[in-house]
Structure formats: C-alpha cells, structure tokens
Amino acid sequence: MSYARRNDEVRGGAALFDVERQTVAGRPALTVRGELDLSTAARLDEAADKELSNPGSELVVDLTPTTFLDSSGARTLLTVSRKAAAAGVSLYVLCPRTNKPVRLTVDLLDLGAYVPLVNSVAEIPAGIVRGDSGT
C-alpha cells in the first residue's frame, strides 16, 4: 500500500516523496522515499499511526531510500518512537551509514540516543513477528 501523493510532490512523473507499506526482514515496514521534511513529515506520522493501530509487536521505518532529513522529519521519527513504545510495539529505524545525507542529520542530532536506530537489517533482533504464531 502506498500513501497518496500530493500533486506538488510529483515532478516529471517521479514522486519526490512517498511512504510505502512493505515488509522488511519479515516485519511490517514503512519505506520512506524522497525528502522527509516539514512538508512531508505529517504523511509519515499518519502512516505510522495506521500501522500502530493494527495489532502487532514490531514495525520497521526504512530510511534507506530517503534522500533528505530535516529537523521536522527527525522530530516525527521521535514522535513515532514514543507512540510505538506506548503501544508496546518494538520499533526499528533502519538508516544505513551509507545514506550520508540522512545520517548527517541523524548523527548531528544524536537521534540514535532517542530512537531505536539500526544500520542494517542484520541488526534487527530475531524474534516473533506480526502474524507469526511462534511455531
């Protein structure tokens, strides 16, 4: 499922921003493509609210294809982290070190001290995922 794009977020047929519901390492995930900033952060927050309202124990926010992150996007990641904790959902924010434009903001703000940040899928602990009966 992809969350609707506004016309001003599409240029030349390519989306400048998109949040897509996918699966990462067998876990429900929101993949963020494009610029996560003041004009788009609310869309991630809305998508996360929808995911957190479903019963489940884990959620991944994948920033691998994200091209830019400002303080509004960082604040939204912090908000999503707090909402996930309140809902009893383990959150993993996937942001590889190779994504230098996004990691610059993450590291400058020391976001990893407040948001469960992982550098690769391999760093997400093994465990029971949504829909897994444990058998």
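What the table below lists for this structure:
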{"quantity": "Ranking of Glu123, Glu35 by count of other Cβ atoms within 10 Å, fewest first", "calculated": "Glu123, Glu35"}
{"quantity": "For Thr67, distant residues with modelled amide H under 5 Å away", "calculated": "Gly34, Glu35, Leu36"}
{"quantity": "Cβ-based net charge around Val32, under 12 Å, with every Lys or Arg adding one and every Asp or Glu removing one", "calculated": "-3"}
{"quantity": "Amide H within-cut-off set for Leu117, under 5 Å, with H built and near neighbours excluded", "calculated": "Val93"}
{"quantity": "Neighbour-limited loop hits for trypsin sites (Lys or Arg not before Pro), the stretch 25-107 (at most 14 other Cβ within 10 Å; DSSP other than H, G, I, E, B)", "calculated": "Arg97"}
{"quantity": "Simple label model, 7 Å out from Cα along Cβ direction - Thr79 to Asp45, nm", "calculated": "0.1"}
{"quantity": "Mean separation of Cα contacts under 8 Å, 6 or more apart, over the residue count of the stretch 28-122: relative contact order %", "calculated": "31"}
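We did not get these values from a lab; they are worked out from the coordinates using the rules stated. The shown structure was predicted, so the numbers you read here are calculated from the model rather than taken from an experiment. So basically every Cβ, Gly included, is an ideal-geometry build from the backbone, and we count neighbours across all protein chains shown.
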